[in-house]
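Just below is one structure, and these are the notes that go with it.
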């Protein structure tokens, strides 16, 4: 399962206070054209598979006029109920408890299937 893209809206640098102080403007799903959404999803899945990721990873991009530019890969993203990854899956209809159940089940069943 691929979670909908999340956009961090704002001006300037996304700093510590924005990220952890609760002031970040997180928009999920991000308002994207079908072309941009497909480009981001393709790039994220490509990176996930190329790096041999398992379970869940948050792969961050800058969306430029030339297409997605990789920013970073978070193979162990924050995972509180208020973190970005759970919000992304919740917007796709997968609530936090069910997401946790899915990840634990996948981990216990052997080779992971990309989410």
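The C-alpha atoms of the chain define a longest principal axis, and helix 96-108 lies at about 50 degrees to it.
For the chain, set up a Gaussian network in which alpha carbons nearer than 10 Å are linked by springs, and say which option among 79, 14, 48 fluctuates the most. Between 79, 14, 48, it is 14 that shows the largest mean-square fluctuation.
Of the options (1) 1.07; (2) 1.43; (3) 1.78, only one is Cα Rg over 2.2 N^0.38 Å as computed from these coordinates, and that is (1).
Cβ crowding within 10 Å, taken as a proxy for footprinting-reagent exposure, orders 13, 59 from fewest neighbours to most as 13, 59. The long axis of helix 34-50 is offset from the longest Cα principal axis of the chain by roughly 50 degrees. The spacing between the range 47-79 and the range 86-107, judged by their C-alpha centroids, is 18 Å. Fewest-first ordering of 20, 96 by other beta carbons within 10 Å of each residue's beta carbon gives 20, 96.
Exposure proxy ranking for 56, 85, 104, based on other Cβ atoms within 10 angstrom of each Cβ and starting from the fewest, stands as 104, 85, 56.
Each label point was placed 7 Å from the Cα along the Cα-to-Cβ direction; for residue 18 and residue 98 their separation is 3.2 nm.
Rule-based calculations on the coordinates, nothing more; no lab input. A quick note: this is a predicted structure, and the numbers were derived from the prediction, not measured. Glycine also receives a Cβ, built like all others from the backbone with ideal geometry; neighbour counts cover every protein chain displayed.
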